[in-house]
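In what follows, a single structure is set out as structure tokens and then discussed.
The values are calculated or read from the model by the stated rules, or taken from the named source; none is laboratory data. All figures in this text were calculated on a predicted structure; none of them were measured in a lab. Cβ atoms come from the backbone with ideal geometry, glycine included; neighbour counts cover every protein chain shown. The accessibility values were calculated without ligands, DNA or RNA, using every heavy atom of the protein model including side chains. Shrake-Rupley method; radii C 1.70, N 1.55, O 1.52, S 1.80 Å.
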Amino acid sequence: QVQLVESGGGLVQAGGSLRLSCAASTSIRNIRMGWFREAPGKQRELVASFTSTGNTNYTDSVKGRFTISRDNAKNTVYLQMNSLKPEDTAVYYCNSVFYIWGNYWGQGTQVTVSS
């Protein structure tokens, strides 16, 4: 069973930055990975991901502020978050965008942005 360990969250003021990391226990070299977030009272949403060609996609609300990257040698995916807004407050998770590991989710990492 895969393990995904997210880290790097915290409390930051609006306008600040955080860099999230997601370490996988298995190779993610050929897996389309993404970052999801779940805010209180809202459904989990995909905010950043890799395409099949290695390009990146972002939901409109984070375009120009968030950057997804990966280090396949370390089986790690990153999310650089800049110009953070209070509405970015959520628990952030990484996973395969096609849920190849079924219903498995890591513990996530809490991001709280104060105004």
Report the one residue of ASN82, THR109, TYR99 whose Cα lies farthest in the direction of the positive end of the charge dipole of segment 58-112 (charges on C-beta: Lys and Arg +1, Asp and Glu -1; origin at the Cα centre).
ASN82
Charge tally in the Cβ shell below 10 Å around VAL91, where Lys, Arg are +1 and Asp, Glu are -1, VAL91 excluded
0
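Per residue, how much space in cubic angstrom lies within the convex hull of the C-alpha atoms of segment 10-115? Working shown, then result.
Details: hull volume 10.4 nm³, N = 106.
Dividing the Cα hull volume of segment 10-115 by its residues yields 98 Å³.
Based on Cβ point charges of +1 for Lys and Arg and -1 for Asp and Glu, what charge dipole magnitude is obtained for the chain about its Cα centre, in debye rounded to the nearest 20? The partial results should precede the final answer.
On the way: 11 positive and 7 negative charges, 42 e Å.
In debye, rounded to 20, the chain gives about 200.
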In what order, largest first, do SER115, SER49, SER21 sit by accessible area if the probe radius is 1.4 Å?
SER115, SER21, SER49
Residue-normalised accessible area of the chain, given per residue in Å² at a 1.4 Å probe:
52 Å²
Net charge (Lys, Arg +1; Asp, Glu -1) of residues whose beta-carbon lies under 12 Å from that of VAL113, VAL113 excluded, is +1
Defining a contact as two alpha carbons under 8 Å apart and six or more residues distant in sequence, what relative contact order in percent does the chain show?
37 percent
Give, in nm to one decimal, the length gained when the segment between THR53 and LYS85 is fully stretched (0.36 nm per residue of separation minus the Cα-Cα distance).
8.5 nm
Of the residues TYR99, TYR58, TYR78, which exhibits the maximal mean-square fluctuation in a Gaussian network model of the chain defined by a 10 Å Cα contact cut-off?
TYR99
